[in-house]
Amino acid sequence: MFCYQCQEAAGGTGCTNAGVCGKPEDVANLQDLLIYVLKGMAFLALGSDLPEHIERQLSVFTMNSLFATITNANFDHDSFVSQIRTALTMRDVVQHYWYERHAGDEASLPDAVLWKAEDEIQFAIKAKQVGILSTANEDIRSLRELLTYGLKGMAAYTYHAHQLGYPHAAVDLFLRRALAATLDDTLTADDLVALVLEAGKYGVEAMGLLDQANTSTYGHPEVTQVNIGVRNRPGILISGHDLKDLEQLLVQTEGTGVDVYTHSEMLPAHYYPAFKKYSHFVGNYGNAWWEQTKEFAAFNGPILMTTNCIVPPKASYMDRIYTTGNTGYPGVRHLPDGADDTPKDFSELIKHAKSCPPPTELESGQIVGGFAHHTVTQLADKIVQAVETGAIKRFIVMAGCDGRMKSRDYYTEFAKQLPHDTVILTAGCAKYKYNKLELGDIGGIPRVLDAGQCNDSYSLAVIALKLKEWFGLEDVNQLPISYNIAWYEQKAVIVLLALLHLGVKNIHLGPTLPAFLSPNVAQVLIDKFGIGGITSVEEDMALFLGA
Ligand code: SF4
Ligand code: SF3
């Protein structure tokens, strides 16, 4: 195996035996093979007139498959084998339509279309030939992977939007075009750079679509005090990013005597008006994903993982963890989709919860959030005044991911040392590094404004564009905003590309720059966009605040 898609890539270069994340070699290889088949399918689909229902099926299958390969989403060998089998069957169907337009053109078909296999042994052999290192040129490899990781993030956003009934044909088409482009040996590094930047454009579209899907379905996030303590009843802990799963769980647990708590990226669900009406939706339990091994043990009740991030479960709660959607873990029960768009059946989970003791309290009190673009727009007068009077001197975007590396303490320290006339804009699980510090407020505006999940980073872009408008500026880079973003997995890649598309410059990425950026590709990002890493809290503070 060779994988370098996340920030924890072993030795800062890549995982080669097993993932630091816990992904075993066989699963990593199967993920590579699945992506290879997706590329072949994309190639065929681009050259075919597909009936609408097949087109849609293909788009949904592609987004599900890409999502399943995101870091910490799915560790289950069998589910990848079955996904590859389905992909090969679908590829045959699409190939049939391709031949209708290209009879006699078989010689132009790439290997990703032509290879065939019957059994798992052949899968394993092929998988070893089509991994990341099969692209020999380091810069082309880097650009292909940067693009693919952006597509994975994009697929996660369109998946959630699709779940809520919001498809996006143009984004689906781009996904296909970009996947197929990674097979094309005639593309130069410049061609691929252009595609990577174009991915940012579609990233903005995908995130905008998800924002529309979420807010139309569940209302605009509101300023909310979220309880971080527990009650004395059995509970279910729901983690990941899938709001529809949460909705169905809240409906099915109502009146059962079972409470529902959020973990990690599900915290911002509390900000939505649609979920506030459930009195058994108690609060948020614990912190970011990487603390789950101790927090899930203490929760005592069943845990539902709706998306990434899963840490290989400990024996102490292995029998209490469930996966659903695109997540999976060997030996963990998987709750399937409902048939024909009916809700998922969570009765097993609820029954399980009833037999468990209430959660052990980890902490008590409240944290505040709900500062997505709609709320911030309502605070416009207050914010403009605070900036004009000098009460707010600078905004620091500290969105992104949290992670287990000690070096991420940098972000806690950075937040602590920021002067009192600065405001942190955040989204994603990165917030857990500072959302429980007493950072106070500026004239009633909290110094940490949480817009929501990493999926809601779109809100931060909208806020930046609004600030530009309120202050009558020409360029978003004239704003008193600095970007000190923490990244971990591939959704952060599409957020970064989206910000670049919106013209944001001088973004700092940490705790380390991606291993998948070759020196030349990194240099392009530095030259074109002023991308940088992080150094020490003191040096970066001076840099960001212009001291
Ligand atoms: Fe390594 Fe990250 Fe890949 Fe896991 S996802 S195998 S930690 S690079
Ligand atoms: Fe977090 Fe996995 Fe990225 Fe969604 S939950 S931000 S790491």
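Rule-based calculations on the coordinates, nothing more; no lab input. What you see is a predicted model; the values in this text were computed from it and never measured. Here Cβ is always computed from backbone atoms with ideal geometry, including for glycine, and neighbour counts include all displayed protein chains.
On a full-extension model of 0.36 nm per residue, what is the gain between T256 and H102, subtracting their alpha-carbon distance, rounded to one decimal in nm? Please list the in-between numbers first.
Details: separation 154, 0.36 × 154 = 55.44 nm, distance 5.86 nm.
Full-extension gain reported as 49.6 nm.
Could you rank the peptides 396-404, 173-181, 153-161, 118-126 by their average count of other C-beta atoms within 10 Å per residue, with the highest value first?
Values: 396-404: 24.6, 173-181: 21.2, 153-161: 28.0, 118-126: 13.8.
Ranking, from highest mean packing down: 153-161, 396-404, 173-181, 118-126.
Pairs of alpha-carbon atoms within less than 8 angstrom and 6+ residues apart define the contacts here; what relative contact order does the stretch 224-354 have, in percent?
Numbers: 234 pairs, mean separation 35.3, N = 131.
Over the stretch 224-354, the number comes to 27 percent.
Counting helices only, and only those DSSP H runs with n ≥ 4, report the 222 nm mean residue ellipticity of the chain as the sum of -39,500 (n - 2.57) divided by its residues, in deg cm²/dmol to the nearest 500.
Details: 19 runs with 249 residues, N = 547.
The helix contribution divided over the chain gives -14500 deg cm²/dmol.
With a/c under 1.5 counting as rounded, go ahead and sort the stretch 186-329 into rounded, prolate or oblate using the C-alpha gyration tensor (a ≥ b ≥ c being the square roots of the eigenvalues; past the cut-off, prolate if a/b is larger than b/c, else oblate). Could the numbers behind the result be given before it?
On the way: a/c = 2.64, a/b = 1.55, b/c = 1.70.
Because a/c hits 1.5 or more and a/b fails to exceed b/c, the stretch 186-329 counts as oblate.
With the cut-off at 1.5 for a/c, could you classify the chain from its C-alpha gyration tensor as rounded, prolate or oblate? Please list the in-between numbers first.
Details: a/c = 1.67, a/b = 1.21, b/c = 1.39.
Since a/c reaches 1.5 but b/c is at least a/b, the shape of the chain is classed as oblate.
Quick one: which of 424-436, 499-511, 60-72 comes out on top by average Cβ neighbours within 10 Å, and what's the full order, highest first? Spell out each step's value before the answer.
Numbers: 424-436: 25.4, 499-511: 18.7, 60-72: 23.4.
Top to bottom by mean Cβ count within 10 Å: 424-436, 60-72, 499-511.
So if R0 is 41 Å, what FRET efficiency would A298 and A10 give, r being the distance between their Cβ atoms, rounded to the nearest 0.05? Numbers along the way, then the final one.
On the way: r = 30 Å, r/R0 = 0.72.
Efficiency, from the Cβ-Cβ distance: 0.85.
Considering only P357, A103, T16, whose Cα is most displaced toward the positive end of the charge dipole of the chain, charges sitting on Cβ of Lys, Arg (+1) and Asp, Glu (-1)?
The Cα lying farthest towards the positive end belongs to P357.
Taking 0.36 nm per intervening residue step and subtracting the Cα-Cα distance, what contour gain separates T412 from K354 on full extension? Spell out each step's value before the answer.
Numbers: separation 58, 0.36 × 58 = 20.88 nm, distance 3.76 nm.
Here the segment from T412 to K354 would lengthen by 17.1 nm.
Using 0.36 nm times the number of residues separating D421 and M405, minus their current alpha carbon distance, what extension gain do you get?
On the way: separation 16, 0.36 × 16 = 5.76 nm, distance 2.91 nm.
Working it through step by step, the gained length comes to 2.8 nm.
Give, rounded to the nearest 20 debye, the magnitude of the charge dipole that the chain has about its Cα centre when Lys and Arg contribute +1 at Cβ and Asp and Glu contribute -1 at Cβ. List each step's numbers first, then the result.
Details: 43 positive and 63 negative charges, 225 e Å.
Roughly 1080 debye for the chain.
Got a sec? Charge dipole of the chain, +1 on Cβ for Lys and Arg, -1 for Asp and Glu; which of T426, A339, I70 is way out at the positive end?
T426
With an 8 Å Cα cut-off and a minimum separation of 6 or more residues, compute the relative contact order for the chain in percent. Before the final figure, lay out each step's value.
Values: 1019 pairs, mean separation 94.7, N = 547.
Reported as a whole number, the value is 17 percent.
What does the C-alpha gyration tensor say about the overall shape of the stretch 251-372? Classify as rounded when a/c is under 1.5, otherwise prolate if a/b is larger than b/c, or oblate. Each step should come with its number before you reach the end.
Values: a/c = 1.34, a/b = 1.10, b/c = 1.22.
Rounded.
Hey, how many Å between the Cα centroid of the stretch 269-288 and the Cα centroid of the stretch 341-362?
If you average the Cα positions of each part, the centres end up 16 Å apart.
Of the DSSP beta bridges with both residues in the chain, give the percent that are antiparallel, rounding to the nearest 5. All intermediate terms of the calculation are to be shown ahead of the outcome.
Values: 7 of 40 bridges.
Taking every DSSP beta bridge with both residues in the chain, the antiparallel ones total about 20 percent.
Along the Cα→Cβ direction, 7 angstrom out, place labels at M318 and E538. What is the inter-label distance in nm?
Spacing of the two 7 Å Cα→Cβ label points: 4.8 nm.
Under a crude label model (7 Å from the Cα following the beta-carbon direction), how far is D337 from R56 in nanometres?
1.2 nm
For the stretch 446-547, calculate the relative contact order in percent as a whole number, restricting contacts to Cα pairs under 8 Å that are 6 or more residues apart. Present the calculation step by step, with values, prior to reporting the outcome.
Values: 77 pairs, mean separation 22.4, N = 102.
The value is 22 percent.
Give me the distance in nm between label points sitting 7 Å out from Cα along the Cα-to-Cβ direction at K393 and T377, one decimal.
With each label placed 7 Å out from Cα toward Cβ, I get 3.2 nm.
Can you give the convex hull volume per residue for the Cα atoms of the stretch 1-134, as a whole number of Å³?
Values: hull volume 13.9 nm³, N = 134.
Value for the stretch 1-134: 104 Å³ per residue.
Return the subset of K382/K505; K23/K505; K466/K528; K39/K468; K294/K466; K201/K276 for which the Cα-Cα distance in this structure is over 32 Å, preserving the input order.
From K382/K505; K23/K505; K466/K528; K39/K468; K294/K466; K201/K276, over 32 Å: K23/K505; K39/K468; K294/K466; K201/K276.
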